[in-house]
Every structure is written in C-alpha cells, then in structure tokens.
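S.K.: There's a structure below that I have some questions on.
What follows is calculated from the coordinates using simple rules that are stated; it is not laboratory data. Every value quoted in this text rests on a predicted model; they were computed, and no experiment measured them. Cβ: placed from backbone, ideal geometry, glycine included. Neighbour counts: every protein chain shown.
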Amino acid sequence: MTGINWRGVGAIFHHEMTRFFRTIWQSLASPVLSTVLYFVVFGAAIGGRIQSVEGVEYGAFIVPGLMMLTILQQAVSNASFGIYFPKFSGTIYEYLVSPVGWIEVTLGFVGAAAAKAVLIALVILLTSFAFVGVHILHPFWMLAFLILSALGFSLLGFIIGLWAKSFEQLQIVPMMVIMPLVFLGGAFYSASMLPPFWEGVAKLNPVLYLISGFRWSFFGLADVPVGVSLVAVAIMIVMCMAVIRWIFATGWRLRE
Amino acid sequence: MGAIIEIDHLSKQYDSGTKALDDVSLSISEGEIIALLGPNGAGKTTLISVICGLVVPTGGTVRVGGHDIRTDWRAARKLIGLVPQEIALEPFEKVINCVRFTRGLYGMPPDDAYIERILRALSLWDKRDAATRELSGGMKRRVLIAKALSHQPKVLFLDEPTAGVDVALRREMWEVVGELRREGVTIILTTHYLEEAEEMADRVGVIARGRLLLVRPTAELMGEFGKKTLTIELDAPLAAIPADLATRDLSLSADGRQLAFDYDTRAERTGIARLLGDLAARGITVRDVSTRQSSLEEVFLSLVSENAA
C-alpha cells in the first residue's frame, strides 16, 4: 500500500470536528463575546477619539485584526490541544501503530483545527456587521489569507502540542509569544502610525505580514506589499511542515 | 501454515545502555496462539511495541505477512491489531464511535454491520452509545479489544489482557480469544499467569532480561512446570534410602530426617500413596508431609542462570 491513507485523514478530521460540534455553543460563545467587547472598548470608546485610519472608520479598521487575532488563538489552541490530548490520555498509541504517517496525522489534526478557526473567524465577521459597516474589497484574497493563516498557525499549534509535556507548557507559548506578537503586529493600528524606528522593529514581527495582507484584502491598505505577506505565510507553512516531518521521523516526544 | 511473523535477531538498546531486547529471533505461524511469559521488565511489552511500531529497534528485522515493519510499515500495520496493557480511551467519546474511528484510521470503509457483530460478541452492544468514561474497567478493556479488531486484523497482540481483571472477566476474555482462534486470527499475548498460557496458547515463549530463553509447545512446558516435590519428615533419621526404594525419584537430606520425592501432578498416578505405604511397610514412621511447587519466578531464575552459565 502506497500513497496517502485518505480514510485515515478523514477519520482524524471527523473525530476532531465531532469534538468541536459537541460543544459548539461554548466554542462560539467565547470568541463572539470577546469580539463584542473589543468593539465596545476599541470601537466605541477609543474609536470615538481616533475617528479614522487612512480613510477607514476605526471600528471597521480593526475588524481584520480581530479576525486575525481569533484565527491565531483558535488555530493554535485547537491544534495544540488536539494532538496533546491523545498524548495525555494515552490514545496516541493508536496513531503510532496504525497505517497513518506524519502526513495523514498532520492533515487530519491541522485541517480540523484550521477549519474550526476559519468557521469562528467568519462568525466574528458576521458579528462585526452588527456594529460597523464593513466592505470587503477582495473577498477571494480575504478567504485565501484567512485559510492560509489558519493553516500556518494550526501547524505551529500542532508543533506546540507535540512538544508539550504538560497542560502548563501547552498554555505558555500562546500566552507568552503569540498574543504579544498579535498585539504588536498591528491588529488595532497601522504600523505606519508608529515612529520610524518602531515601525522598523514591528516589521520583524511575522504576524504583521499576515495582518497587513489580510487588511489589504478588506480595504486595499497594507503596511507591507501583499506579495511579501503571501511569501511570509508560505515560508511559515513550509517551515512548520519540515519540523513536523522531523518530529515524526525521529519519534521525538512521540516514540521511545 | 506459513509464518505470519518472522523476527530475526531483533534488539533494542536504550540510550542509557539498557538492553530491552537482546538478539531475539522467533517465527510465528498463521493461526497460532503464542503466549510470552516473563517477569516484569523482561522485555515482553518492548517486543510487542517494536513489532507494532511504538518502539524503534536498534537492530534486526521483523516481517509481518512478508512486509518489513520499517520499510513497508503501512502494509505491515494494516495486518496488526493491538490491545495495549494500559487502558487508554477517549473519555467523552461513545463506544461505537471509538470503534468506528479506529476502523477509519486503518483505511477501512465504514461497515456498521461488522462493528455491530464485534460489539455484540464482546457484550458491548447495549453500551454502544455510552461514553467510555462511564464504563467499568472490564468493559473498557473490551472496548480496546473491539477497537483492535475493528479493521479485521490477521494478527492480534494482547498485552497483559487480563491484568487487574476479576476471575469471571478473565474467563470471558479467554472465551473471546477462543472465538478469535476459531476465526483463524494469529494471537500473541503476554501474561504473568501460567494458567492463562496453559488455557489459551499453542506455544509458550519465556523472556527474561530481553532474551527469548525458550519457545516450546505449551503441553511440553506445562509438564515441566507441573512437577512438585513432596517432603516427608521422618520420626527417626535414616542412614540411607532403603535399597528397594532406590529406583524411585527420592533423595535424602544430609541429616537423614527428610525424604524428598519429585512427582508429576498431571500424571494419572503420582505414586505418593504407594510410597507412603512402602515406607510404613518398612517400619519407617512419617511425622509430617508437605508439598512444594516451583513458582514461575523460580523457573525464570533457573532459566536465566542456566543461560548465563
């Protein structure tokens, strides 16, 4: 038997999505509530003073950033928990003894985590329509950036889940690394609003490229060229895939 | 029947230097049931783990159904079902979904009729919609068996299938294994219980310190393990064993106060009654008698020391 075991991929994907739908209301309620709070705090309170950024109403300007924030949080947490839980419960053995390799396990877990993140981000978008008028200039590219970012960060979350030996470790990377990167990546402001030195520093943050590209798909505004944003996501995906392949090939934190 | 598993000079050495498997070679025929006996840490679980893909060997080869477990792992693993020693189940998942999931993982198309058949055979059908965390320990172990059988494997590994289960459930497990035997599934089980090996296995392999010390037909091995020693304490010491009793399997202690008689518990006549009668006829008074059977551990130890010599 050669080639990818697609039924194996489907089994993992279905299994993960079932878990999501089993707790659908909890899965959706928390991000929707957070979004409403962000709109109240950033849109109404602060937005009243900022008015507009580069010609876009501030409330609408933060929508791509909020969606990206959700995508990154959900992708990382779903993918990391998805693979960590079998390690914790001991059921990881099933994946290691069955005819599925790194590619099937990754496609199943990461595909499901990315799908959940995209679904939630779209719910956030719908929620935002209740607060501000948002016009999407390039819907195709909006979806493309959404899906690619979800995949990239699901892959990163998957690596975190493979690496983690405890629930504490599972939490620490999203809290200490990803959240700061999102907030410093221009989720709620344009990098061009920063002084030149800090604008240069901000451009070292990979998340800035995602948010910039994503915001471009909404308003045609970008801190960095769109092509660079796409290359940044592609590099992230390729690097994460290489790391995952190495983990499965060596059995690091998986096999004895 | 041809060999379905061929293990050739298999070894596993950890970075710490511990040799978990040391040059193990074994051939297992299709449809055979083989029990691997050995004390804790002997290497039984490591052997199973290597064949199933959980542990990477440091030397040797394993072929399952003619497929090398390292170079042709997909085809090899499709033939194998594993029931692990530890109970590991997704706690919130329904029993039937757990079994369906495993079938899918092995690339098999959905077949609810087959899954119903195995759940019924394992008395789990009534619990199919229960979350696994609601089940008793014995039921959980059966779910693990159902999962291992979900993709219709040709080879089933049972790692300590009856560890920690009560006598009634152990009997049920044996019945399940009997059913599988009739269906032609090759079964490799590890156990501490001699009784379990005797009940189920065609052959028994003894492992200690990572080495496969012997593999013999169960009946042959049980004959050896079935030997007991009768110790007879005498009222007065004997200078020597009476000449007409010398042909019996008797030995006299140094102080002449104890006679030891080896006998086979499984023999039609053990010879105990006749021996006691013969002693009485010769005026040798017996004060007390006691019997002793070598424990499995003692047999292991003697095998290990023989091997080391």
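S.K.: Return the FRET efficiency for the residue pair residue B:264, residue B:183: r is the Cβ-Cβ distance, R0 is 22 Å, and the value is rounded to the nearest 0.05.
M.R.: On the way: r = 35 Å, r/R0 = 1.58.
It comes to 0.05.
S.K.: Continuing with the same structure: Farthest toward the dipole's positive end in the protein assembly as shown, which of B:122, A:249, A:127, given Cβ charges of +1 (Lys, Arg) and -1 (Asp, Glu) about the Cα centre?
M.R.: Result: A:127, furthest along the dipole toward the positive end.
S.K.: Work out the mean other chain Cβ neighbour count within 10 Å for the residues of B:107-115 and drop it here as an integer.
M.R.: On the way: counts 13, 3, 1, 2, 0, 0, 0, 0, 0.
Average neighbour count from other chains, rounded to a whole number: 2.
S.K.: Roughly how crowded by other chains is peptide A:96-105, in terms of the mean Cβ count from those chains within 10 Å of each of its Cβ atoms?
M.R.: Per residue, the average neighbour count from other chains is 6.
S.K.: Another one. Rounded, prolate or oblate for chain A? Axes are the square roots of the Cα gyration tensor eigenvalues, ordered a ≥ b ≥ c, and the cut-off for rounded is a/c under 1.5.
M.R.: Numbers: a/c = 2.08, a/b = 1.78, b/c = 1.17.
The shape class here is prolate.
S.K.: Please turn the phi angles of region B:146-154 into ³J(HN,Hα) values with the Karplus equation 6.51 cos²θ - 1.76 cosθ + 1.60 (θ = phi - 60°), one per residue in order, whole Hz, x for glycine and proline.
M.R.: Calculated HN-Hα couplings, in order: 4, 5, 5, 8, 4, 9, 6, x, 8 Hz.
S.K.: Using a 7 Å offset from Cα along Cα-Cβ at residue A:144, what residues in region A:204-228 end up with backbone N under 20 Å from the label point?
M.R.: Answer for region A:204-228: A:207-228.
S.K.: Continuing with this model, one more query. From the phi of every residue in region B:276-293, what ³J(HN,Hα) in whole Hz does the Karplus formula 6.51 cos²θ - 1.76 cosθ + 1.60 yield, where θ is phi - 60° and glycine or proline is x?
M.R.: Along region B:276-293, the couplings run 5, x, 5, 5, 4, 4, 8, x, 8, 8, 9, 8, 7, 9, 8, 10, 8, 10 Hz.
S.K.: Based on the Cβ-Cβ distance from residue A:175 to residue B:71, what FRET efficiency comes out when R0 is 51 Å, to the nearest 0.05? Write out the running numbers ahead of the final one.
M.R.: Values: r = 43 Å, r/R0 = 0.84.
E between residue A:175 and residue B:71, to the nearest 0.05, is 0.75.
S.K.: Obtain the nm distance between the two label points defined at residue A:246 and residue A:54 by a simple spin-label model: each point lies 7 Å from its Cα along the Cα-to-C-beta direction.
M.R.: The modelled label-to-label distance comes out at 3.5 nm.
S.K.: Turning to a different aspect of this structure: Compute the separation of the alpha-carbon centres of region A:152-166 and region B:82-125 and state it in Å as a whole number.
M.R.: Here the answer is 28 Å between Cα centres.
S.K.: Calculate one ³J(HN,Hα) per residue across region A:19-25 by plugging θ = phi - 60° into the Karplus curve 6.51 cos²θ - 1.76 cosθ + 1.60, and present them in order as whole Hz with x for glycine and proline.
M.R.: Working through the residues one at a time gives 4, 5, 6, 5, 10, 4, 5 Hz.
S.K.: May I pose another question? At 222 nm, what value in deg cm²/dmol follows for the protein assembly as shown if DSSP H runs of at least 4 each add -39500 (n - 2.57) and the sum is divided by all its residues, to the nearest 500?
M.R.: When only DSSP H runs of four or more count, the value is -16000 deg cm²/dmol.
S.K.: Which order, highest average first, do A:233-240, B:261-268, B:206-213 follow once you tally other Cβ atoms within 10 Å for each residue and take the mean per peptide?
M.R.: B:206-213, A:233-240, B:261-268
S.K.: Then there's this: Longer than 18 Å from Cα to Cα, which of B:44/B:227; A:165/B:12; B:12/B:44; B:78/B:154; B:94/B:147; B:127/B:147 are they? Say none if no pair is. Present the calculation step by step, with values, prior to reporting the outcome.
M.R.: On the way: B:44/B:227 26 Å; A:165/B:12 25 Å; B:12/B:44 12 Å; B:78/B:154 9 Å; B:94/B:147 12 Å; B:127/B:147 14 Å.
With Cα atoms farther than 18 Å apart: B:44/B:227; A:165/B:12.
S.K.: Looking only at other chains, what is the average number of their beta-carbon atoms within 10 angstrom of each beta-carbon in B:92-105?
M.R.: 4
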